[in-house]
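Only one structure is covered here, and it is reproduced in the block below.
The values are calculated or read from the model by the stated rules, or taken from the named source; none is laboratory data. All values derive from a computational prediction rather than experimental measurement. Reconstructed Cβ throughout: ideal geometry from the backbone, glycine too, with neighbour counts over all protein chains shown. For accessibility, only protein heavy atoms count, side chains too; no ligands or nucleic acids. Shrake-Rupley method; radii C 1.70, N 1.55, O 1.52, S 1.80 Å.
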Amino acid sequence: MKRIITILTVVLAAAAIVSCNKEKGFLDKTPLDKLTEEAVFSSIGLAEAHVNSFYVVLPDPYQEGNIGCISDEGFFRYGGSSTRYIASGTMNPDNIMYMNEGGSAHNTRTTILNIWNRSYQFLRNMNRFINTIEADTGKKGDKNWNRLLGETYFLRAWTYTNLIERYAGVPIIKDIYTLSDEFSVRRDKFDDCVDFILEDLAKAENLLPEKNAAGRATRDAALALHSRVTLIAASPLFNDPDKPEGGIFRGTYSRDKWQRAYDAAKAIVDRADIDGAYRMEDTYDAFWKNVDSKENIWCKFFVANSSSDDNYTKKAQLLYSVVYFNGWTSMEPTQAMVSDYEMITGKKWFEEDSGYDPEHPFRNRDPRFYKSVAAPFSLYGNMKGNSYSEDVLELYLLWKDKTRDDFSKDRTSKMPDYTAKGKHLWHASTTTGYELNKWYIPTSPITEAETGSLLYPWFRLPEFYLNLAEAAYMLGEEETCRNYINKIRDRADVMMPHVTESGEALWDRLVNERRIEFAFETMRYFDLRRWKMADFYENIPFAGTQTMLLEKGGVTDTVYRMPRLYDPSKNDRIYYEEGAVYEYKWLGKTYKIDYGDCPLGMSPTQKYFPEDGRNYLMPIPRNEITKSKGTIEQNPGY
């Protein structure tokens, strides 16, 4: 699964977005490669092909080294040079560089974190397009040229939003640099970057149509990005009352930034709730199964059943099932992620009267759990003859002549370690025991060319309900916050109990609702940082589950290795690893959660978020600072 990015393939990659209505995609046109500037700006068709190439400025998140695998959502077994060094808190300005740049980061198993060099390559072309069209009064009067100009303003704002989310203040470049120019620039203040993004979005909103069905930028996409960037700018990492002074690394503190975020979220929410342009789907999985979903505001679409060798035109490969691919895995959900799915009672498993049954730990969970996670004994619908519905016992090791008592008496007993790739890999110490169900389409086969979803939604409606809820909470409007959280929980196939809490308990609910609703959608990594909460959640270790089928005397006993409430008086362990007790604060109470029964050794390097907090921002790659001749200031701690 190679995604080699060069200047040429970046341009050719535009073919990866196709029409939502299954007609010929708007990017199925000859892209611009080495055509002259005169040719591009003399033809609306060539200009459109040129703008098409800007859409892949941010690679899609369906990578082997998914961003979720460096948060507390997932684990990537083969992530030694793509995810584990970030998850273990050891990233630095050198190892974040790709191998082809002289660093150690994998060239193709990208986390789409280090986007600095890529972004400024694209920004150079965007700036040329904007400057040329803005200077041509004839073209500015033409609706087709105006549309392309609006798309470019939007995509420039999109690029800078992704940069500041990772690095804080970055150089604002409006001029056109050549490869031979000296790139000695300085980073602009964070607030100035946000203002620049909002200026571009205002221009885009005036030039773009409200909606379309082809995956292009629209006025609604600009409204959505306006909401996201103002929420980022209002959040504690960049709007810290304890550090009110502004600069490169954060903005000047102002409570008014929460009002700005509220107003921006309300604008896109009103497009749904008042104008009827969007709506929540009745089923949680419809937004990735239905290319015409009314829930999605702006998406990247993929070509189905592509025979092309160009990796950008193949379907996403995030699932990459171990059952079909002999042990090759991509993103495996962590036990921490699984533990945060509520029971259908609205309580977490460790709360009193939650309804949790340790003998059946995956029963009666939030319905979104079953659409997102494949837990032990889950069934995939189509595995091309390898479905484990054929013989589910074959997928679980059988310990003959063993009972729970045998394991309790002999704490030194070791379970078989299947470290080689193979269909029993779920039981090895190198996996979490869970697979990803999200993005999977049961009617589609899983192959190396296709693994499910035909799209990735960059923006979908629930994000903006929860953006509005968060801004309302910060402004003291708790009833509004609860109402919009409950809109998410009221989805027809979810129908979780309503949130009724207030104060800090309401904040707990909001944080968890974003975690569950956007599971495995790359949002968790950035949410934990903008909230300044990664120092807790990302020090929870990579942990998983293991299913043991113990058979003695013709009786089979199914045992799940799962977390439990800490109780040192109990001695019923069948397997235990010390030093895995963590305190959780939830709805005003503190719980000690014991991960000691869980497999904890799947990763050679465990999770660690540095105490100095340096990983709240990305390091700027060393080669970029060198190219600037030292004028670009590095982020703190690196």
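Per-residue SASA remark: SER42, around 90 Å² accessible (1.4 Å probe; ligands, DNA and RNA not included).
Taken along the Cα-to-beta-carbon direction at a fixed 7 Å, the label points for LEU549 and THR626 span 5.5 nm. With the simple spin-label model, which puts each label point 7 Å out from Cα in the Cβ direction, the GLN259 to ASP493 separation comes to 4.2 nm. A Förster distance of 35 Å, applied to the separation of the beta-carbon atoms of ARG279 and SER104, puts the FRET efficiency at 0.15.
As a quick test, which of the pairs LYS243/LYS629; LYS438/LYS589; LYS347/LYS585; LYS348/LYS589 have an alpha carbon distance above 22 angstrom in this structure? Show your work: numbers first, answer last.
Details: LYS243/LYS629 30 Å; LYS438/LYS589 31 Å; LYS347/LYS585 14 Å; LYS348/LYS589 12 Å.
Violating the 22 Å Cα-Cα cut-off are LYS243/LYS629; LYS438/LYS589.
Using r as the Cβ-Cβ distance of ASN117 and LYS570, and R0 as 51 Å, what FRET efficiency do you calculate, to the nearest 0.05? Efficiency computed from Cβ-Cβ geometry: 0.40.
Taken along the Cα-to-beta-carbon direction at a fixed 7 Å, the label points for GLU478 and LYS532 span 2.3 nm. Using 0.36 nm per residue and subtracting the Cα-Cα separation, the extra length available between ILE176 and ALA202 on full extension is 7.1 nm.
Shown is the FRET efficiency for ASN290 and VAL511, computed with R0 = 41 Å from the Cβ-Cβ distance and rounded to the nearest 0.05: 0.90.
Between GLU504 and PHE377, the contour length at 0.36 nm per residue exceeds the Cα-Cα span by 42.0 nm.
Counting only heavy atoms of the protein chains, get the accessible area per residue of the range 119-266 (1.4 Å probe) and round it to a whole Å² value.
Working: 5660 Å² over 148 residues.
Dividing the accessible area of the range 119-266 by its residue count gives 38 Å².
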